[in-house]
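Visitor: Here's a structure for you.
The values are calculated or read from the model by the stated rules, or taken from the named source; none is laboratory data. If you're wondering where the values come from, they're calculated on a predicted model, not measured in any experiment. In this analysis, Cβ positions are derived from the backbone assuming ideal geometry, glycine residues included, and neighbour counts consider all displayed protein chains.
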Amino acid sequence: MQLLIDKTAAGGRLTPEEGLALFALDLLTLGRLAHRRRRRLHPEPVVTYVVDRNINYTNICVSGCRFCAFYRPPGHPEGYVLPWQELARKLEETRALGGAGVLLQGGLNPDLTLDFYTDLAAFIRGFGLHLHGFSPPEIVYLAEMSSLGVVGVLRRLKAAGLGSIPGGGAEILVDRVRREISPRKCTTDQWLAVMETAHGLGLRTTATMMFGHRETLAERVEHLTHIRELQDRTGGFTAFIPWSFQPGATALGGQAADVVDYLKTLAVSRLFLDNVEHLQVSWVTQGAKAAQVALAFGADDFGSTMIEENVVAATGVGFRLSREDMVRLITDAGYTARQRDQIYRVVRDTGVEPEG
């Protein structure tokens, strides 16, 4: 184990077997190693954040994922497609609160055509906001519905105003797990193909991992390996965001991962993903204090203020942070807070320095 610690401390690239072995380290040793790697990548004591909102344009979905408490099947009385007037109100409010963009995601709604999606993208861009939207499962579904293929759909969306793509729908990039928790969603290869195609078209994307449900630790590392290998080929991922499954009100049920599991997974992610620049905390699932601690376990980004968030909230988890709260948490931890945009470009003249 000391050889692994020495190799990790020296910044060597880890094999999947070594990545798995990291989980056996004690929490503080793992945190120390991850923080050292974070400081090598980001020597300045800066933590970034973004002001935006998550807009879910529809909750109607045919995927039926067992971990999701947000979706409603077609024909359900609680199903909706967001009216344009309501969307305009949300976009105006986002701009008024200093937001530079929105994260836009929805269900796999069989009643919505590709024209709806391109109109939606153009509408959002008309408000001068960056559109970070349409996760790989949505792209795959549109490609199948429209018969244009992934490349054709992405080109249409990009021309309409799509600026970048979120890493949603990854869950665990292992088909054994996907068949159990989301059998009607895109496969591992399809998720990766969307991201590789998007990178080839000049669209930057994030990558995520939802863990703590039916996967093994080895399968978490397999997920990380897929992300690292694709990043080696394209360099298109801006950040990685691991977050823990929230079982409340879901068909999957079970127990949420505890904070130790979260911090270990975050640290292993930082150490294994040597080619992904940014690592984001998940205050939405872990709460403010755990997210603050996560800054000592490899993370350098506090994520979004999330003026609005509905999917995790549907499980009964209701952590909320204002911009002021977020800046205070960052500075209290000894870092300088810097506001960024959706593709990790720092916004000028918004830095808040720690006191003392």
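Visitor: Collect the residues in the stretch 92-125 that are aliphatic (A, V, I, L, M) and either on the phi > 0 side of the Ramachandran plot or in contact (Cβ under 8 Å) with a residue 40 or more places away in the chain (or both), keeping them in residue-number order.
Guide: Answer for the stretch 92-125, where residues must be aliphatic (A, V, I, L, M) and either on the phi > 0 side of the Ramachandran plot or in contact (Cβ under 8 Å) with a residue 40 or more places away in the chain (or both): L97, A100, V102, L103, L104, L108, L112, L114, L120, A121.
Visitor: Further question on the same structure: Could you tell me which of the residues T113, T94, T118 is under 25 Å from W243 (Cα atoms) and either surrounded by fewer than 20 Cβ atoms within 10 Å (Cβ to Cβ) or touching a strand residue (DSSP E or B) at 6+ places or on another chain (Cβ under 7 Å) (or both)?
Guide: T94
Visitor: For the condition part of a helix (DSSP H, G or I) and in contact with a helix residue (DSSP H, G or I) (Cβ under 6 Å, 6 or more places away or on another chain), what is the one hit in L33, L14, L28, L3?
Guide: Values: L14 fails: part of a helix (DSSP H, G or I); L28 fails: in contact with a helix residue (DSSP H, G or I) (Cβ under 6 Å, 6 or more places away or on another chain); L3 fails: in contact with a helix residue (DSSP H, G or I) (Cβ under 6 Å, 6 or more places away or on another chain).
The unique qualifying residue is L33.
Visitor: Name the one entry in A267, A288 that is of a type outside the set (S, T, Y), farther than 21 Å from T225 by Cα and in contact (Cβ under 8 Å) with a residue 24 or more places away in the chain.
Guide: Sole residue among the options that is of a type outside the set (S, T, Y), farther than 21 Å from T225 by Cα and in contact (Cβ under 8 Å) with a residue 24 or more places away in the chain: A288.
Visitor: Being assigned to a helix (DSSP H, G or I) and surrounded by fewer than 19 Cβ atoms within 10 Å (Cβ to Cβ) is the filter here, so list the residues in the stretch 159-189 that pass it.
Guide: Correct list: A159, D175, R176, R179, E180, D189.
Visitor: Here are R155, R233, R176, R214: which of them is under 30 Å from T94 (Cβ atoms) and basic (K, R)?
Guide: Result: R155 is the single residue among R155, R233, R176, R214 that is under 30 Å from T94 (Cβ atoms) and basic (K, R).
Visitor: Kindly check whether there is at least one residue in the stretch 39-55 that is without any contact (Cβ under 8 Å) to a residue 60 or more places away in the chain, loosely packed, with under 15 Cβ neighbours inside 10 Å, over 25 Å from the mean Cα position of the chain (by Cα) and not in a helix (DSSP H, G or I).
Guide: no
Visitor: Looking at E215 and the list (1) farther than 24 Å from Y344 by Cβ; (2) of a type outside the set (S, T, Y); (3) modelled with pLDDT under 95, which single condition is not satisfied?
Guide: Against the list (1) farther than 24 Å from Y344 by Cβ; (2) of a type outside the set (S, T, Y); (3) modelled with pLDDT under 95, E215 comes up short only on (3).
Visitor: Kindly indicate which of E219, E215 is assigned to a loop (DSSP other than H, G, I, E, B), of a type in the set (D, E) and over 17 Å from the mean Cα position of the chain (by Cα).
Guide: Residue meeting the stated conditions: E215.
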